Amino acid sequence: MWGGIMIRVAISNIYENFEKYFCAFIMAVMVICLGAQVFFRFVLDAALTWSEELSRFAFVWVIYMGASMAAMERVHIRVTVPQLLLPSQYRHYATVFADFIWLIFNLFFAYQGILQLKHMFTFTFTSPAMQWNTAFVYAIIPLGFFLMSFRIVQGYWRDYKRGGIHAMGVDLFSSERSIVEETEK
Amino acid sequence: MTIAILSITLFACLFLGLPIFMSLGIATFVSLTTSNIPMTMVAQTLYQGVDKFPLLAIPCFILAGSLMERGGVTQQIIDVVLRFTGRITGGLGIATILACMFFSAISGSGPGTVAAIGTLMIPAMVNRGYDRGYAGAVSSSGGTLGILIPPSNPMIIYGVIANCSIVGLFMAGMVPGIIIGLSHCFVAYYVARKLNFGSTGEQFNTRELLIMCWRGKFALATPLVILGGIYSGIFTPVEASVIAVFYALLVGGAINRKLNFTDILESLTDAARITGTVIIIVGTSTVFGQILTVNQAPLKLAAFITGISTNWYVVMLIIIVVFFFLGMFMETLSTIIILTPVLLPVVMELGIDPIYFGVIFVVTNEVAFLTPPLGVNLFVACQLSNVSIERLSLHVLPHILAIVLCILVLAFFPDIILWLPRLMGYAAY
């Protein structure tokens, strides 16, 4: 019984923090690759062929995974000043509207990413150094945008369960809080 | 026509409060539908727009700064700086600025510097009876140096977009950084004397200073490792950033013994978070910039500006005023990402050095950090000092004035910015 609970806790932890752990992992891969490259160049006086390529792949993956993490934490950078002109009880409706548009275009970009992937699986490109099929690397575009969309919906769903329609997007608003959290942590 | 659609859509999206990266993406998409460029390039450029090797230095520098902070390096810097300024009126304020200058040579971010130094210095100042507003103002304005004293994240992004030497920019930022830092010290001293804060009363003690320096020797050597390597041409900025990460792990983990697994995990996610919110903007802005160029927007803008005046000083003055205005509403890195492709051809046309222009761009963004309603450094300092943003923005006014005066001097005497890169052979003009 305890084993079952432990597994459920672990699964919900991963469900909540998937991007966080994944980002930390790819970030570490990126830094280690670059570190290895520097070590080989300056200490062993030899050049690694694969390290730059792998670190670039990792970098792009960190960007779109990190964007999904930021969507969950609601810390994406926005210009929120015009909304300050609205009366405070209407502000969050503007945010809900903006995020609705964001969601639609997110799904559109994800769809474009899938079309691109289809194309890349038909006409295979391999990366110069490691001979990887680049379609697998480009998969981050649809994956990242789908995850981002999921996290936006998830955030609003939680708001709704907590306080109905009026709670939607409320804590999302204050740009001050989000930026402070983004930089301070 | 396309330019009109592009800019109207962009402003509408920004005004509605969409994330900046998505606003750029939507504006690009809408203008693509009106031209006959195939839509399939959208997904491809989302990838290729960010696949630029020098950008890798940004997450690495953020990671290094975060590890240094958690590894006790900040405390060691402050310990040393305090020994110098103890006797002076407003000594803690001056020490805050000096510590910010020092930390700026490790970190490339403005708000990151405020958080690192302010967390320790604001409570220290409040304990000594300094005004909370003063404490917040000194920390937030000292933190602006984070982006001017190399390494600097905005400079890396500018260098990538403007296709000019990042090392050259890093050299050009040093002298203006020291000038502005010293003018902040002067303001901190003057305000403290006016408000009668007094000194800590500690006598200058060479022995103690040497003890502190010896204790913090590895922390103090960090800028030498990072900047020395870049300036001497041994490391590229990306290599230097990675070495900074491993050096931070060494100092914080093995020497100070303060880093644990959670700290490292948190630092990694910090860096990923900023990468995912800022560098993603570079991705969507690439196509945006291309569309502007294809439709000759920079040429038209250049014609418009030279229609007003062809005098170099007047043009720079106009651009600086526009930057100040935009800085009130826009986040600094976004301003650089959006405006560089538009403005760079204009200034190149007038024979202005791209390195000089980049430094002026970055310095004006220092003011943007301090001007409400969107002044990121103010938000961080507010949180740390428990002062309202209104009161804090009054307290930073003398500091803003100091930066503005420095900007005017720097803008009209480009040699101050360009002599170091010229000396090392990195400036074009």
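Values for this structure:
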{"read-out": "Matching residues in segment B:230-260 - criterion: being out of contact with any Leu (no Cβ under 9 Å at 6 or more places or on another chain) and among the polar types (S, T, N, Q)", "value": "B:Ser232, B:Thr236, B:Asn256, B:Asn260"}
{"read-out": "Per-region count, segment B:371-410, residues more than 11 Å from chain A (Cβ to nearest Cβ) and either within 17 Å of B:Phe361 (Cα to Cα) or hydrophobic (A, V, I, L, M, F, W, C) (or both)", "value": "17"}
{"read-out": "Some residue of segment A:100-108 being touching a strand residue (DSSP E or B) at 6+ places or on another chain (Cβ under 9 Å), buried (at least 21 other Cβ atoms within 10 Å of the Cβ), within 13 Å of another protein chain (Cβ to nearest Cβ) and touching a residue at least 24 places away in the same chain (Cβ under 8 Å)", "value": "yes"}
{"read-out": "Top-ranked residue of segment B:187-219 - restricted to ones that are at negative phi and modelled with pLDDT under 75, ranked as surrounded by the fewest Cβ atoms within 10 Å (Cβ to Cβ)", "value": "B:Gln203"}
{"read-out": "Helices (runs of 4 or more DSSP H) fully within segment A:113-185 counting 2 or more residues that are modelled with pLDDT of 85 or more and within 22 Å of the chain's Cα centre (by Cα)", "value": "A:134-138, A:140-163"}
{"read-out": "Subset of segment B:8-20 [facing chain A (nearest Cβ under 7 Å) and not β-branched (Val, Ile, Thr)]", "value": "B:Leu14, B:Phe15, B:Leu16, B:Gly17, B:Leu18, B:Pro19"}
{"read-out": "Output for segment B:38-60, where each listed residue is among the β-branched types (Val, Ile, Thr), farther than 15 Å from B:Ser152 by Cβ and touching a residue at least 12 places away in the same chain (Cβ under 8 Å)", "value": "B:Val42, B:Thr45, B:Val50"}
{"read-out": "Helices (runs of 4 or more DSSP H) wholly inside segment B:132-237 that include at least 2 residues being aromatic (Phe, Trp, Tyr) and over 30 Å from B:Leu344 (Cα atoms)", "value": "B:166-194"}
{"read-out": "Leading residue by the ranking (surrounded by the most Cβ atoms within 10 Å (Cβ to Cβ)) among those in segment A:65-95 that are assigned to a helix (DSSP H, G or I) and more than 10 Å from chain B (Cβ to nearest Cβ)", "value": "A:His92"}
{"read-out": "Options B:Met101, B:Met39: the member that is in a helix (DSSP H, G or I) and either within 26 Å of B:Leu378 (Cβ to Cβ) or at pLDDT below 90 (or both)", "value": "B:Met101"}
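Conditions tested, residue by residue: (1) surrounded by 24 or more Cβ atoms within 10 Å (Cβ to Cβ); (2) among the β-branched types (Val, Ile, Thr); (3) over 21 Å from the mean Cα position of the chain (by Cα).
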{"position": "B:Arg83", "(1), (2), (3)": "no, no, yes"}
{"position": "B:Thr96", "(1), (2), (3)": "yes, yes, no"}
{"position": "B:Cys100", "(1), (2), (3)": "yes, no, no"}
{"position": "B:Ser104", "(1), (2), (3)": "yes, no, no"}
{"position": "B:Ala115", "(1), (2), (3)": "yes, no, no"}
{"position": "B:Met125", "(1), (2), (3)": "yes, no, yes"}
{"position": "B:Asp131", "(1), (2), (3)": "no, no, yes"}
{"position": "B:Ile147", "(1), (2), (3)": "yes, yes, no"}
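The values are calculated or read from the model by the stated rules, or taken from the named source; none is laboratory data. Keep in mind that what you see is a predicted model, and the values were worked out from it rather than measured. Reconstructed Cβ throughout: ideal geometry from the backbone, glycine too, with neighbour counts over all protein chains shown.
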